[in-house]
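Asker: My structure is below; once you've seen it, I'll send some questions.
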Amino acid sequence: MPLLETTELSKYFGGVVALESISLSIEKGEILGMIGPNGSGKTTFINVLSGIYRPEKGEVKFKKRDVTGFPPHVITREGISRTFQNLRVFPNISVLQNILTGLHCRIDNSLFGIFFSPFSSMKREKQAEHKSLEILEMVNLAKTKNELAKNLPYGEQRLLEICRALASEPDLLLLDEPCAGMNPVEIDTLATFLKKLKSAGITIFIIEHNMRFVMSIAERIVVLNAGKKFKEGLPAEIQNDREVQEIYLGEEEEI
Amino acid sequence: MLFNILIAGILLGSIYALVTIGYSMVYGILKLMNFAHGDVYIFGTLFCFTLLSKYHLNAVIAVVISAIMGGVLASAVEFFAYRRLRAAQHRMISMITALGAAYIIQNCSELEWGSQVLPFPSLIPAQFIEVFGHQISTTQIITLMVAVGFIVLFNLFLKYHKMGKAILCVSEDINTSRLMGIPINLIISIVYFLGGVLGVIGGILYSASFNAISLGMGFRGTIIAFTAAVIGGIGSMNGALIGGMILGISENIIAVYVSSTYRDTLTFLILIIVLLIKPSGIMGKGDYEKV
Amino acid sequence: MALPEAKKLKLVLFAAVFIVAIGLPFILRDPYYLGFVNVFIMYSILSLGLNLILGYTGLLSLGHAAFFGLGGYTTAILMKNHGLPFVPSLVISALIALFFGFLVGIPTRKVKGDYFCLLTIIFGEIFRLVVQSWIGFTGGAMGIVGIPIPKIFGWTIRTEADFYFLGLGLLCFTYFTLAILVKSKFGRAFVAIREDELAASVMGVNAPVYKILAFGIGCLYAGLAGSYLAVYQTVVTPSNFRLEESCFMIIAVIVGGMGNLGATFSGVFLMTLATEVFRPIAEYRMLIIGLIMVIVLLFRPQGLFGASAFKD
């Protein structure tokens, strides 16, 4: 059963066609990878899925519900979370505060509640803090909980961003080039982490340029080219596909 | 009657356009709201007043000296107060600094000239001629010609002179210009200088037309520049012209037909409406932020 | 129950502040000094609200004085012209400021940062101009005079000491409600918006709504302060609420530290002290304020204790 389905999704910026009639589905529990040359529309695709852009045409269905054009915060509440290509943690607040912010839509405190029922509000805050530390434990970052996010080494900041996305209890996690700028050790840590998430039941959609990484971790691959869905298939098939290799001709492949 | 109001409005509009150009250019390049703009050129106008009334200098000489002085002051403000903040993380920090600079200049003006309205001399002897059966004063015509003249001159400068073209490059894309070897700091100083010069000329024309100059015109001058720039489209030369004209004409019409007490309020309301509907103004293009 | 050292220290500090605060009117016999404290308290209330807007949420509002004025004029009109007692006037003033705060906050959805700042300046100017011109309603440039003496359940507030306790009460309300707010998920949401609005919305924060919320709430406290001013001064005039006042508050917030609630007091203290100290050379007032603005922002934008978000 597809967790997320896009039908004929199209996005235009003035005269520029960023996405043209993208129809694909993400199955529950799978890790789906998306590759494609620079400018093929991958980030635009994630931006549409996460509600930052409204598509001009087509629709997005998540858990059988039409979420096309929903604003980002609603989509997060529905159960889709994401990270950014150019790392957007909140730099000047602590690691713990970053995660707690990610929990925003899952903490039930209301504006009146924090003043008039302080005890239950504080209890929920404590629970939230507990949960945040649990998430940080998964990647061994709990010890840095009071550090300002901007002071963390780059690889840890990337992990932090993923943790922050996990805080909102997503069913679907969208990762935009999570490996960018990471060294091989960090990439291995990431791969292990993602596999752990998958076994916890989270569906993962990952855009990457790092071929070795995405081929090793994804169960299926979608190839985007010039805004259109070019090919779909198993990693082995895609890797050896002549046409896919051709569209990358002239591009520097990262291994 | 309508004809006179229109002429007066066009006159006002061309003066407004003059003072808006400097502000609009600065914002276009640096995205900085120069709150000190009005106070700088009013300082220059007050300076001219002193030159004329106290030292009885020849009108042209006084105007030239004051204009240059205004330009220098504008560049000085940039150099001391804004330059360091160009790379600042939060743009609002520069805005507050600009306000601070405005207050410093305002206070200095007040110490020197007080806050009352001073009688600015006419500069151009008043004579009336008939056009289309209506009376217009030569003062108005000459003022209009001077204002439009400077605007045209400036436009030509931007288009054909090497430095003018450099300015256009910088306002288009500051980083690429830097890579192309254009001396950014120098260009920016010049932009501020020219904006100050044009502003002072505009201020002098205004004060000569209405025979009044006071400290309070500084803040109002800044607001006028803001409003005209926003209406016409920030960063665009033509925008400054169009915005200035629209503002000048509508202000005049409102002052005469509606109410002069609420004139400023209505100017502000125009600004709000434009900001809410199309902040990029008439000539401006929309901003697409890349995520 | 053994408390950790840090918590013990905090409690002792708290108790000390509490005792001093209650005893202050008896320590400072001279009403002049108490008057200074009252002004300090009033500006603290204003600046705390502004810190929520500017320091925590990252919205530059140069129109805060207008909401100060809304509170002041509302109380003045209700108490003088309609004979309403102080407490309901106070509450209504706060709500009016809140309402207009929401109204002015609405454009943040569509209007970029600097333009929004411009909008707040214009709102402030329109407020001042309307108040100055609507002579029938607001008394024009002369303002409203003869605002009645406030009474709360039989306690007549007349002396500096009386106003001190009233102000202290309002200040405690302001500080503690804000402290609770910024520690909650709402405070985190505001900070997230300041740090990175897009990332915040993707994290589930309804950014447009929260910006309006932050702005409105910040303005509510300005309304409270305005109400206080009205009964303290017994007059309200347009000159109390000029753009200069907004700048004063902005600097107080910046100098004390943006994004740090407690630090606001230090900024307000420095600014009110400076105003007092420089009173003999009042004609240089704006010059000095301007210089402070420029120097602080050039060399230490995070103020004394501000959030590192604002460091160079």
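Asker: Taking 7 Å along the Cα-to-C-beta vector as the label spot, tell me the A:S23-A:S199 distance in nanometres, rounded to one decimal.
Answerer: If labels sit at A:S23 and A:S199, their model points lie 3.8 nm apart.
Asker: In peptide A:162-172, what is the residue-averaged number of other protein chain Cβ atoms found within 10 Å of each Cβ?
Answerer: Averaged over the peptide's residues, the number is 1.
Asker: Ok, one more. For chain B, set up a Gaussian network in which alpha carbons nearer than 10 Å are linked by springs, and say which option among B:G22, B:G38, B:G281 fluctuates the most.
Answerer: B:G281
Asker: Once both labels are modelled 7 Å past Cα along the beta-carbon direction, what's the B:V152-A:E246 spacing in nm?
Answerer: Rounded to a tenth, the inter-label distance reads 6.1 nm.
Asker: Summing -39500 (n - 2.57) over the DSSP H runs of n ≥ 4 in chain B and dividing by its residue number, what mean residue ellipticity at 222 nm do you reach, to the nearest 500 deg cm²/dmol?
Answerer: The per-residue figure over chain B is -23500 deg cm²/dmol.
Asker: Considering segment C:199-294, what Rg and Dmax in Å follow from its alpha-carbon atoms?
Answerer: Expressed in Å, the Cα Rg and Dmax of segment C:199-294 come to 16.5, 54.
Asker: At R0 = 45 Å, how high is the FRET efficiency between A:R54 and C:W134 if r is their beta carbon distance? Nearest 0.05 is fine.
Answerer: 0.55
Asker: Further question on the same structure: Hey, can you grab everything whose amide H is under 5 Å from the amide H of A:F13? Only 5+ residues off in sequence or another chain; H modelled, so Pro and N-termini drop out.
Answerer: A:A18
Asker: Test of understanding: in a Gaussian network model of chain C with alpha carbons linked when under 10 Å, which of C:G218, C:G49, C:G58 would top the mean-square fluctuation ranking?
Answerer: C:G58
Asker: On a C-alpha basis, how far is the centre of segment B:32-83 from the centre of segment A:100-134 in Å? Whole number, if you could?
Answerer: Rounded to whole Å, the Cα centres lie 58 Å apart.
Asker: Tell me, what is the FRET efficiency for A:D66 and A:E169 to the nearest 0.05, using R0 = 25 angstrom and their Cβ-Cβ distance as r?
Answerer: So the FRET efficiency works out to roughly 0.70.
Asker: Would you work out which of B:L215, B:F157, B:I136 lies farthest towards the positive end of the dipole of segment B:2-224? Charges go on Cβ: Lys and Arg +1, Asp and Glu -1.
Answerer: The one lying farthest along the dipole's positive direction is B:F157.
Asker: Could you run the Debye sum over the Cα atoms of segment B:83-182, one equal point scatterer each and no solvent, and tell me log10 of I(q)/I(0) at q = 0.13, 0.18, 0.19, 0.24 Å⁻¹, two decimals?
Answerer: -0.93, -1.02, -1.03, -1.12
Asker: Now for a separate question. For B:L269 and B:Q135, what is the calculated FRET efficiency with R₀ set at 35 Å and r taken between the beta-carbons, to the nearest 0.05?
Answerer: Between B:L269 and B:Q135 the formula returns 0.60.
Asker: Ok, one more. Classify the protein assembly as shown from the C-alpha gyration tensor, please: rounded if a/c falls under 1.5, else prolate or oblate depending on whether a/b exceeds b/c.
Answerer: oblate
Asker: Continuing with the same structure: Could you list which residues have their amide H under 5 Å from that of A:M34, counting only those 5 or more apart in sequence or on another chain, with H placed in the peptide plane?
Answerer: Amide H neighbours of A:M34, under 5 Å, 5+ apart: A:I206, A:I207, A:E208, A:V222.
Asker: So, with +1 on the Cβ of K and R and -1 on the Cβ of D and E, and no other charges, what is the size of the charge dipole of segment A:88-169 about its Cα centre, to the nearest 20 debye?
Answerer: 80
Asker: Let me ask another. How large is ³J(HN,Hα), in whole Hz, for each residue of segment B:247-253 in order, when computed from phi with the Karplus curve 6.51 cos²θ - 1.76 cosθ + 1.60 and θ = phi - 60°, using x for Gly and Pro?
Answerer: Per-residue couplings from phi come out as 5, x, 5, 5, 4, 4, 4 Hz.
Asker: While we're on this one: Can you compute the charge dipole magnitude of segment B:2-224 about its Cα centre, using +1 on each Lys and Arg Cβ and -1 on each Asp and Glu Cβ, nothing else charged? Give it in debye, rounded to the nearest 20.
Answerer: Rounded to the nearest 20 debye, it is 600 debye.
Asker: For chain A, modelled as a GNM with alpha-carbon contacts under 10 angstrom, which of A:G29, A:G201, A:G69 fluctuates the most?
Answerer: Most flexible of the set in this elastic network: A:G201.
Asker: On to the next question. Hey, what do the phi angles of segment B:183-190 turn into as Karplus ³J(HN,Hα) couplings, whole Hz, using 6.51/-1.76/1.60 and θ = phi - 60°, x for Gly and Pro?
Answerer: x, 4, 4, 5, 4, 5, 4, 5
Asker: Once the Cα gyration tensor of segment B:145-291 is found, what semi-axes does its equivalent ellipsoid get, as square roots of 5 times the eigenvalues, in whole Å, sorted largest first?
Answerer: Semi-axes (√(5λ), whole Å): 30, 21, 13.
Asker: To continue, here is another question. Starting from the Cα gyration tensor of chain C, take the square roots of the eigenvalues, sort them a ≥ b ≥ c, and report rounded, prolate or oblate (rounded when a/c is under 1.5, otherwise prolate if a/b is larger than b/c, else oblate).
Answerer: rounded
Asker: Related question: Based on DSSP H runs of at least 4 residues, each adding -39500 (n - 2.57), what is the mean residue ellipticity at 222 nm of chain C after dividing by all its residues, to the nearest 500 deg cm²/dmol?
Answerer: -22500 deg cm²/dmol
Asker: If you plug each phi of segment B:23-32 into the Karplus form 6.51 cos²θ - 1.76 cosθ + 1.60 with θ = phi - 60°, what whole-Hz ³J(HN,Hα) values come out, in order, with x for Gly and Pro?
Answerer: Karplus-based 3J(HN,Hα) across segment B:23-32 equals 5, 5, 4, 4, 5, x, 7, 10, 6, 10 Hz.
Asker: Distance from the Cα centre of segment C:84-129 to that of segment B:123-194, in angstrom?
Answerer: Each part's Cα centre sits 38 Å from the other's.
Asker: Defining a contact as two alpha carbons under 8 Å apart and six or more residues distant in sequence, what relative contact order in percent does segment C:31-241 show?
Answerer: Once divided by the residue count of segment C:31-241, the mean separation gives 45 percent.
Asker: I need to check one value: relative contact order of segment B:31-145, counting alpha carbon pairs closer than 8 Å and at least 6 residues apart, in percent.
Answerer: Rounded, it is 31 percent for segment B:31-145.
Asker: Can you compute the charge dipole magnitude of segment C:31-241 about its Cα centre, using +1 on each Lys and Arg Cβ and -1 on each Asp and Glu Cβ, nothing else charged? Give it in debye, rounded to the nearest 20.
Answerer: Using Cβ point charges on Lys, Arg, Asp and Glu, segment C:31-241 gives about 300 debye.
Asker: Long-range amide H contacts for A:E27: which residues qualify at under 5 Å (H placed 1.01 Å from N, peptide plane, sequence gap of 5 or more or a different chain)?
Answerer: Under 5 Å from the amide H of A:E27 lie the amide H atoms of A:L3, each far enough along the sequence or on another chain.
Asker: Continuing with the same structure: Relative contact order, percent, of chain A when contacts are C-alpha pairs under 8 Å separated by at least 6 residues?
Answerer: RCO, chain A: 27 percent.
Asker: Any idea how far the Cα center of segment C:14-82 sits from the one of segment C:180-230, in Å?
Answerer: 20
None of the figures in this text is laboratory data; all of them are computed from the coordinates on show. Treat the numbers as computed from the prediction; the structure is a model and nothing was measured. Because the Cβ atoms are built from the backbone with ideal geometry, glycine has one as well, and the counts that use them run over all protein chains shown.
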